[in-house]
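To start, the structure itself, in structure tokens.
Values in this text are rule-based calculations from the coordinates and carry no lab data. Because the structure is predicted, anything quoted here is derived from the model rather than measured. Because the Cβ atoms are built from the backbone with ideal geometry, glycine has one as well, and the counts that use them run over all protein chains shown.
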Amino acid sequence: MEQQQINLTKLLANWCADYTLRFPASAIRSAELAIADTVGCILAGVEDPASVKAGNTIPDEKSGPSRKSNSVRHAFPVSARDAAAVNGCAAHARELDDNVMPAVIHSSAVLTPALFALGEEIGATGADVVRAFIVGMEVNAQIGKLVNPKHYESGWHTISTIGVIGTAAACASLMKLDSEKIIHAMSLAFSMAAGSKLQFGAEAKPMHSGFSAQGGIWAAQLAQHGFEGNKDVLQGKWSFQELYAGGESDGVFQPSLFPDALLAIDEFSPVAKLYPCCGSAHLGIDAIRALQARQAFDLDDIIRIDVHMSKIMTDNVRYKIPANEKEARFSMPYCAAVTLVHGMPRLSHFTADAISQPDPAVARLMPLVQTHVRNPSPEVIARKLIFQGDCLVGVHLKNGEVLKQIAEHPKGCRENPLTAEERHTKFIDCVTPCLGDARTNEIYSILLEFSGLSAIDEVTRTFARNQGHS
């Protein structure tokens, strides 16, 4: 007799609705660090053109009873869904937000704006938001196991496919909905799942995060009011797995959830990004930085730079000579040239002026960078390195010498983490232009103890445009 397939949607919803679960301190700390990092990303993205345009679609007017959530583009509160859309766009706009395997998703850039906006509306505590954040991370990871790598390799942008479903589950959990309603929230979010990597290098990409944050809240609210969907949407005929991954997954999915297995946030720690560009460029940047630290060489002597990495990464950083700052974030030649000249890419290197009037040394080096597909070894695949590969950089000099460097673990991952000082410095760089030195350090200290807040507006009110940024 054929064994009946487990209803994964129901399994996850039952787990999400178990409000007696007590998560380990390690998971809570990881969530607090990820949330703090994302607040920095949101405030760094306040003036990005995508954030400005998203904000312009929502009137900035004195609040009514249904407008309780703060948006970085508005002086007065807006609805939770509107705040989530704008802040979600801002979180992803500068490409500084973290990435998480196995969903290969910027989970925090969707979960944080959604849970903050909804949390303000319903009066959630910091502990409530942290718990829901961990739940969303778990659902994203379990769905990622179900459909990747096929899903991501096919061109789907996971932040707006997997992300909207995980965010719906997180929002429903924050609202303390029962398992039946969480099933429907996930089902309704499944009907919103969309978004292609074709938008990499366009303003639409950060809006994918905004769409998912907004959609996750809406799906949970619909479910709260009795709106229903199909109860088994993740596996089977016409399901998420079949439609979005051809029924394929990265091995056999094992429906083993905490406490029987590690929580995803502990097993797959969020990779906090140090550089404001596509994560697929980070190993190349790391290799160049390591090479420069190891051996001195004159930039004028460089005749070619080869960057060998996985096909996923070469596809993502595909712009050879970027036409604008958005494309520059997805250009390995630009990121490599900036690293060679300036030591590492910073926010100031991804502005309209920096691209239209490039540094002469950067302009000379860019055309010398060539990307090549490097098939990962079985050992690399077995170790599940992020993006399923490592990166080899070769710098060719006039004298015939070729300087080589391999990078395996991107800066910010568990094996190569940001130090506490690097995290703090990143936050200062992102937030100080908005809030000033004193307020920035005050907010960072509060965020590091976020789960102890009795009301999250101690943080979220800093998003309002009358709180220090214009």
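Mind listing the phi-derived Karplus ³J(HN,Hα) values for region 389-397, rounded to whole Hz, using 6.51, -1.76 and 1.60 with θ = phi - 60°, and x for any glycine or proline?
x, 10, 9, 10, 10, x, 9, 8, 9
Hey, rough spin-label estimate for His372 and Ala296, points 7 angstrom out along Cα→Cβ, what's it come to in nanometres?
2.9 nm
Go through Met207, Ala264, Ile122 and say which Cα lies farthest out towards the positive end of the charge dipole of the chain; charges sit on Cβ, +1 for Lys and Arg, -1 for Asp and Glu.
Among Met207, Ala264, Ile122, the one farthest towards the positive end of the dipole of the chain is Met207.
How big is region 279-407 in terms of Cα radius of gyration and Dmax, in angstroms?
14.1, 44
Can you compute 3J(HN,Hα) from phi for each residue in region 406-419, using the Karplus curve 6.51 cos²θ - 1.76 cosθ + 1.60 with θ = phi - 60°, rounded to whole Hz and x for Gly and Pro?
9, 10, 10, 10, x, 4, x, 7, 4, 6, 9, x, 5, 6
Suppose only helical runs count, i.e. DSSP H with n ≥ 4. What mean residue ellipticity at 222 nm does that imply for the chain under -39500 (n - 2.57) per run, divided by all residues and rounded to the nearest 500 deg cm²/dmol?
Helix-only estimate at 222 nm: -14500 deg cm²/dmol.
Stretch Ala361-Leu243 to full length: gain in nm at 0.36 nm per residue minus the Cα-Cα span?
Working: separation 118, 0.36 × 118 = 42.48 nm, distance 4.67 nm.
Gain on stretching Ala361 to Leu243: 37.8 nm.
Using alpha-carbon positions, what is the distance between the centroids of region 36-57 and region 197-225, in Å?
So the two Cα centres are separated by 15 Å.
Given contacts defined as C-alpha pairs under 8 Å and at least six residues apart, what's the relative contact order of the chain, whole-number percent?
Working: 968 pairs, mean separation 92.2, N = 470.
Relative contact order, the chain: 20 percent.
For the residue pair Glu228 and Glu180, what label-to-label distance in nm results when each label sits 7 Å from Cα along the Cα-to-beta-carbon direction?
0.8 nm
Explain nothing, just the number: dipole magnitude of region 279-407 about its Cα centre with +1 on each Lys and Arg Cβ and -1 on each Asp and Glu Cβ, in debye rounded to the nearest 20.
Magnitude of the dipole: close to 340 debye.
Under a 5 Å amide H to amide H cut-off, with H placed in plane at 1.01 Å, what residues pair with Arg304 once short-range neighbours are removed?
His396
Determine how many Å³ per residue the convex hull of the Cα atoms of region 1-111 encloses.
Measuring per residue, one finds 177 Å³ for the Cα hull of region 1-111.
For the ranges 159-167, 120-128, 94-102, what's the packing order if you count other beta-carbon atoms within 10 Å of each residue, average per peptide, and put the highest first?
On the way: 159-167: 31.1, 120-128: 18.2, 94-102: 25.7.
Top to bottom by mean Cβ count within 10 Å: 159-167, 94-102, 120-128.
Show me 173-182, 438-447 ranked by packing, highest mean number of other Cβ atoms within 10 Å first. Spell out each step's value before the answer.
On the way: 173-182: 20.4, 438-447: 16.5.
Descending mean neighbour count gives 173-182, 438-447.
I want to check the label-to-label distance for Lys398 and Ala75. Put each point 7 Å from Cα in the C-beta direction and report it in nm to one decimal.
Between Lys398 and Ala75, the label points sit 5.9 nm apart.
Enumerate the amide H contacts of Leu453 below 5 Å, restricted to partners 5 or more residues apart or on another chain; note that Pro and chain-start residues carry no placed amide H.
Result for Leu453 returns Gly126, Ala127.
About its Cα centre, what dipole magnitude does the chain give when the only charges are +1 on Lys and Arg Cβ and -1 on Asp and Glu Cβ, stated in debye to the nearest 20?
500 debye
Hey, can you rank 51-62, 136-147 by average C-beta count inside 10 Å, highest first?
Details: 51-62: 15.6, 136-147: 27.2.
Top to bottom by mean Cβ count within 10 Å: 136-147, 51-62.
Place +1 on the Cβ of every Lys and Arg and -1 on the Cβ of every Asp and Glu in the chain, take the dipole about the Cα centre, and give the residue among Thr161, Ala293, Phe427 whose Cα lies farthest towards its positive end.
Value computed over the given set: Thr161.
I need the phi-derived Karplus couplings for region 299-306: 6.51 cos²θ - 1.76 cosθ + 1.60, θ = phi - 60°, integer Hz, Gly and Pro marked x.
Coupling constants for region 299-306: 4, 5, 8, 6, 10, 6, 10, 9 Hz.
Considering the Cα positions of the chain, please state its Rg to one decimal place and its Dmax as a whole number of Å.
According to the Cα coordinates of the chain, Rg and Dmax are 21.7, 72 Å.
Of the listed pairs Lys181/Lys411; Lys404/Lys426; Lys197/Lys404; Lys231/Lys411; Lys62/Lys197; Lys273/Lys404, which have alpha-carbon separations greater than 32 Å here?
As for pairs spanning more than 32 Å Cα to Cα, those are Lys181/Lys411; Lys231/Lys411; Lys62/Lys197.
Once the Cβ-Cβ distance between Leu11 and Ala455 is put in as r, and R0 is 30 Å, what FRET efficiency do you end up with, to the nearest 0.05? Display every interim value, and only then the final one.
Details: r = 33 Å, r/R0 = 1.11.
The value I calculate is 0.35.
In the chain, with Lys and Arg counted as +1 and Asp and Glu as -1 at Cβ, which of these residues, Ser30, Ser356, Ile302, has the Cα nearest the positive end of the dipole, that is, farthest along it?
Going by the charge dipole, the pick is Ser356.
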